[in-house]
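**Student:** Sharing a structure below in structure tokens format, with a few things to ask.
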Amino acid sequence: MPSLEKQGEGKTYITLQYLSRLALWAYFRNIKIICRAPVPAEGPLLIAANHSNMVLDPIVLIATFPHSRPCHFWALARFFRIPLVGKILKAAGVLPVDTKTHSNAKLFEHTLLTLDRGAVVALFPEGTSYTAPNHLPFKDGISWASFEYLTQLAQREEGPKSVSIIPVGITYSTKNRWRSEMVVEYGDPIVQTVEDLEEFHQDPKRSVKNLTDRIAKGVERSTINSPDWDTSHAATEARSILFGDSRGVRLEEYVHVSQSFIGLFHPKNTDDKEALYYKERIELKERLLMFSKKLKSLRLNAGDISMYENQEITMTRATLRLISTWMGLVVQIPLFLPGIIINSPFYILGRLIDSYEPYTESVSQDKLIFSFFLAMPVYGTLIWLLWKLTGYGLISLLCVLMLLPLFAWYHMALIDKNYDMLKQVIASWRIFIAITTGTTGVDADWTHSREALEDCVRLRRWCRDQTRLLVFNLAKHGDPEAQYLVDYGKPLFASLMEESQEQQ
């Protein structure tokens, strides 16, 4: 049995696991890990995951893979020729891939050796990270690697005769937003056996393409995919209006709920005049997109104005809301202030990255990497100051080092509640300014913000009622996506169900 160090699964990888888990704990508010089928605790595995968030995606797999099994990723062979970088990559178990070779045996040499040791090889078949409403086309590398490995297994009299490919979906509620939510779903394995080699030898390219399609569909089942941005935005607003933000939906159902709304507004249903409720879908989609655009102009979200759905927007209500949200935040500030002051460099850094990083898929990566290097001087200075205040003693240093993780935990325990309260204060202030002055004071082209605010409230109310009605009517006609949404949000459709029963 090869040593852990030889497999790149020793101290370096264990350190990476701890750092990855720490990064996810600090960055995300909630994480849900779903396994659709048991993931083997040993034996060779190929992993195919979507890749929408740069370095964060491999961090997610390192931190969440079942049984804490180490994952071996691919990297271009030329990186291994850089002295220090090469040593780090090897120690972390990263596998060199020489893309210039025309031999599959040479191309997948290290991959096949790793699988032979019963390890996990994790790949991102899209080949690059991206920001798009659906996943990129999958490349065939993982399929070729699986058939090359099966070919090796077939030549042996003993040993395993199959390899499993596990599709993994990584879904972020808002991938560039700090303290957002994430769902990681390990799907049903695709088992390839040596018997599949017969078809492969007859037509290698066709067999590889077929396997790649199966892998892509497996990842699709665990992720949110929309044909275009308009459909994605309309579905997001509909979900937000009915169920609230991402925290209003159980994370284990988040992908299914989101994909069901996308199905309602999919072009196949809005472009086909024979589709059920064709006109209603088009009108609702257009109004949802209009609603989204108006909210963006006002710098609000659907939840910020939800309280005004069933009541008039008045100066008194806006003032009371502003005062109550401010008071709630002020009460919490004394408990939270030390953490705000100490961690202010990280918050400033995050704002700068949001402003200057042009690629959405790189924002989270930048925040984590720069925060890691910033943490050294920030917390190093904090430790030194506390040690100085306690007299430079050995025991005091140990106490400071022990209290630091406790302080970090305390800060993170308070941050979500206070962050939400701060957002409520900001939203209340914008609504208050819109009502008192008639303008936002930000967008010079949007001069009638009170009118726009009232229009948004009316539009939200209309979209809410029409979304409920459309979903309910489609469910009555047997639409599976609509039926799922009705079953998931039964209380929201209770009045429509009662009316339907009375009519019968």
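**Student:** Which shape class, rounded, prolate or oblate, goes with the range 1-134 when its Cα gyration tensor gives a ≥ b ≥ c as root eigenvalues, a/c under 1.5 marks rounded, and past that a/b bigger than b/c marks prolate? Could you put the intermediate results ahead of the total?
**Tutor:** Working: a/c = 1.42, a/b = 1.27, b/c = 1.12.
Rounded.
**Student:** A follow-up question, please. Could you tell me the calculated FRET efficiency between MET327 and ASP245, based on Cβ-Cβ distance and R0 = 35 angstrom, to the nearest 0.05? Intermediate values should be presented prior to the final figure.
**Tutor:** On the way: r = 23 Å, r/R0 = 0.67.
Between MET327 and ASP245 the formula returns 0.90.
**Student:** Helix-only estimate, please: 222 nm mean residue ellipticity of the chain, summing -39500 (n - 2.57) across DSSP H runs of length 4 or more and dividing by its residues, to the nearest 500. Intermediate values should be presented prior to the final figure.
**Tutor:** Values: 18 runs with 301 residues, N = 504.
Helix contribution divided over all residues of the chain: -20000 deg cm²/dmol.
**Student:** How far apart, in nanometres, would the label points at ARG299 and TYR18 be if each is projected 7 angstrom from Cα along the Cα-to-Cβ direction?
**Tutor:** Distance between the two pseudo-spin positions: 4.2 nm.
**Student:** Under a 5 Å amide H to amide H cut-off, with H placed in plane at 1.01 Å, what residues pair with ILE34 once short-range neighbours are removed?
**Tutor:** Under 5 Å from the amide H of ILE34: VAL184, GLU185, TYR186.
**Student:** Just flag the chymotrypsin sites (Phe, Trp or Tyr not before Pro) in the range 319-348 sitting in loop per DSSP whose Cβ has no more than 11 other Cβ atoms within 10 Å. Let's see the in-between values first.
**Tutor:** Numbers: sites: TRP326, PHE336, PHE346, TYR347; in loops: none.
Sites meeting the loop and neighbour criteria: none at all.
**Student:** Which of the chymotrypsin sites (Phe, Trp or Tyr not before Pro) across the range 1-82 are loop residues per DSSP, with 10 or fewer other Cβ within 10 Å? Each step should come with its number before you reach the end.
**Tutor:** Values: sites: TYR13, TYR18, TRP25, TYR27, PHE28, PHE73, TRP74, PHE79, PHE80; in loops: PHE73.
When the chymotrypsin sites (Phe, Trp or Tyr not before Pro) of the range 1-82 are filtered for loop state and at most 10 Cβ neighbours within 10 Å, nothing remains.
**Student:** Sticking with this one: What range in the chain is the longest one free of GluC sites (Glu not before Pro) that are in a loop by DSSP and have at most 16 other Cβ atoms within 10 angstrom?
**Tutor:** Numbers: sites that count: GLU5, GLU42, GLU157, GLU158, GLU274, GLU309, GLU312.
The segment 313-504 is the longest one with no such site.
**Student:** Still on this model: Classify the range 57-154 as rounded, prolate or oblate, taking a ≥ b ≥ c as the square roots of the eigenvalues of its Cα gyration tensor: rounded when a/c is under 1.5, otherwise prolate if a/b is larger than b/c and oblate if not. Can you show the working numbers first?
**Tutor:** Details: a/c = 1.19, a/b = 1.08, b/c = 1.10.
Rounded, since a/c falls under 1.5.
**Student:** Could you tell me the calculated FRET efficiency between LYS205 and ALA105, based on Cβ-Cβ distance and R0 = 22 angstrom, to the nearest 0.05?
**Tutor:** Details: r = 17 Å, r/R0 = 0.79.
For R0 = 22 Å, the calculated efficiency reads 0.80.
**Student:** What does the extension gain come out to for GLU357 and ARG179, with contour length at 0.36 nm per residue minus their alpha carbon separation? Each step should come with its number before you reach the end.
**Tutor:** Details: separation 178, 0.36 × 178 = 64.08 nm, distance 1.83 nm.
Gain in length upon complete extension: 62.2 nm.
**Student:** With the contact rule set at Cα under 8 Å and sequence spacing of 6 or more, what percent relative contact order holds for the chain?
**Tutor:** Computed value for the chain: 15 percent relative contact order.
**Student:** Quick one: net charge around LEU322, please, counting Lys, Arg +1 and Asp, Glu -1 for every other residue with C-beta under 14 Å from its C-beta. Kindly include the intermediate steps, with their values, before the conclusion.
**Tutor:** Numbers: positive: ARG317, ARG321, LYS423, ARG430; negative: ASP304.
Spelling it out: positives minus negatives among the neighbours equals +3.
**Student:** Something else now. Assuming 0.36 nm per residue, please report the length gained on full extension of the stretch LEU394 to LEU84 beyond their Cα-Cα distance. Please list the in-between numbers first.
**Tutor:** Working: separation 310, 0.36 × 310 = 111.60 nm, distance 3.48 nm.
Going from the current span to full extension adds 108.1 nm.
**Student:** Taking a label point 7 Å from the Cα of ALA132 along the Cα→Cβ vector, which residues of the range 214-245 have an amide N closer than 18 Å to it?
**Tutor:** It comes to 214-233, nothing else.
**Student:** Is the shape of the chain best called rounded, prolate or oblate, per the rule: a/c under 1.5 gives rounded, else a/b larger than b/c gives prolate, else oblate, with a ≥ b ≥ c the square roots of the Cα gyration tensor eigenvalues?
**Tutor:** Working: a/c = 2.38, a/b = 1.24, b/c = 1.92.
Because a/c hits 1.5 or more and a/b fails to exceed b/c, the chain counts as oblate.
**Student:** To continue, here is another question. Once R0 is set to 25 Å, what does the formula 1/(1 + (r/R0)^6) return for the Cβ-Cβ distance between TRP429 and ARG458, expressed as a FRET efficiency to the nearest 0.05?
**Tutor:** It comes to 0.65.
No value in this document is a laboratory result; all are computed from the given coordinates. What you see is a predicted model, and the numbers here were worked out from it, not measured in a lab. Note that each Cβ is placed from the backbone with ideal geometry, even for glycine, and that neighbours are counted across all protein chains shown.
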